[in-house]
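**Student:** Here's a structure for you.
The values are calculated or read from the model by the stated rules, or taken from the named source; none is laboratory data. Computed from a predicted structure; not experimentally measured. Every residue, glycine among them, receives a Cβ derived from its backbone with ideal geometry; neighbour counts consider all protein chains shown.
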Amino acid sequence: MKIVCSKSNLLSGLQIVSKAVPSKTTMSILECILIDASKGVIKLTANDMELGIETVIEGEIINKGIIALDAKIFLDIIRKLPDNDVTIETDASYKTSIICEKAKFNIIGKSGEDFSYLPLIEREDSIVISQFTLKEVVRQTIFSISDNDNNKLMTGELFEINGNELKVVSLDGHRISIRKIELKNEYTNKKVVVPGKTLNEISKILSGDTENDVSIFFTDKHVVFEFDQTIVVSRLIEGEYFKIDQMLSSDYETKVKINKKEFLNCIDRATLLVKEGDKKPIIINISDDTMELKINSTVGSMNEEIDIKKQGKDLMIGFNPKFLIDALKVIDDEEIDIYLVNPKAPCFIKDPEEKYIYLILPVNFTTVN
């Protein structure tokens, strides 16, 4: 095999596919990136058996061929090369030379035949949304998946399609995040759970452009994301997702309208007094047109008042401040509505159309004067 391509094209392609190279594996071939120049295009592939990414880069094929190269070494070499054309040439014993200007590296590759290609997925059932929308939806929900593998379903996000609506849900046992998106077309109803790792990696690759679309294909076991010159294939998480509708009560005793930025900044200031790993709640006291926020820690205490518009009863309630900050950071509205029932029941932050819903469970606290 002999190919020539610009360093920038090659590096960009390698950075995309390297997100599917496993950090630990007993199969050394999975630590490689495959260069396949056997069919008229230069295709790069990485696959950890759960997540596979394939992208096509521009370049010239002088001799067709295929080689698997150690991902870390290959990526490190290309990163350090001058900004010019790179020539990659292999021989029958998989010895590979990488040449750019006066720099020449020789490394030993592996047979491409041993590489685990991406599974062939029937691409029939798909939805189409903009790259911007997918990136935003992931950003606005991914923070509330669980990082604990004890419950696999909590490490993924539910993608539920009903007609022309896509609903994305994540939860970790303490909070739920929901985003609803209106699709341009009507689709067959479907429910799948996509691994959080897959969504994290995809959101890093997406350009976030409103003009460019992503096609998402679903099968019983896999999801495929296709955009630009890239294909991402991921296994789905199997099992029935949690019945969240029964948790989403519309009853409330207290409704608060508040400036989002003021609220977020106030909680942010309060957390200055909380050490890493210290689980100090922020106590919120709602009365008349004022919300008082208090925090007490070993470092000190802080309290601050914010003007609000209140309907219903006065209420004192405690929350993990991080959970409030995570939700507030991804809401773009200037003012938000918070719905509360009592100090033991979850609060809801949602817009009137319920395009977004953030449910946060309260925490117990002891009042200190």
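**Student:** Please go through the stretch 194-205 and give me each residue that is aliphatic (A, V, I, L, M), more than 15 Å from GLN140 (Cα to Cα) and not in a strand (DSSP E or B), ordered by number.
**Tutor:** Result: ILE205, single match.
**Student:** What pairs come up if the first residue lies in the stretch 229-240 and is under 15 Å from LYS43 (Cα atoms), the second is polar (S, T, N, Q) and not in a strand (DSSP E or B), and their beta carbons are under 9 Å apart, counting only those six or more places apart or on different chains?
**Tutor:** Pairs that qualify, where the first residue is under 15 Å from LYS43 (Cα atoms) and the partner is polar (S, T, N, Q) and not in a strand (DSSP E or B), are VAL232/THR198.
**Student:** Is it the case that SER6 is more than 25 Å from GLU226 (Cβ to Cβ), among the small types (Gly, Ala, Ser) and at pLDDT 95 or above?
**Tutor:** Judged against the criteria, SER6 is not a match.
**Student:** Can you say whether ILE127 is more than 13 Å from the chain's Cα centre (by Cα), of a type in the set (A, V, I, L, M, F, W, C) and at pLDDT below 95, as far as the supplied structure shows?
**Tutor:** yes
**Student:** If we scan the stretch 81-103, do we find a residue that is in contact (Cβ under 8 Å) with a residue 60 or more places away in the chain and under 29 Å from LEU236 (Cα atoms)?
**Tutor:** no
**Student:** Given the condition part of a helix (DSSP H, G or I) and of a type in the set (Lys, Arg), answer yes or no: does some residue in the stretch 324-338 qualify?
**Tutor:** yes
**Student:** Oh, and also: Can you find, within the stretch 230-254, the residue that is nearest to LYS191 (Cα to Cα) among those that are among the β-branched types (Val, Ile, Thr) and outside any loop (DSSP other than H, G, I, E, B)?
**Tutor:** Out of the qualifying residues, it is VAL233.
**Student:** Go through the residues of the stretch 255-270 one by one and say whether even a single one is modelled with pLDDT of 95 or more and assigned to a loop (DSSP other than H, G, I, E, B).
**Tutor:** The answer is no; no qualifying residue exists.
**Student:** Going by what's in this entry, would ILE325 be described as within 18 Å of LYS280 (Cβ to Cβ), surrounded by 14 or more Cβ atoms within 10 Å (Cβ to Cβ) and in contact with a helix residue (DSSP H, G or I) (Cβ under 9 Å, 6 or more places away or on another chain)?
**Tutor:** Judged against the criteria, ILE325 is a match.
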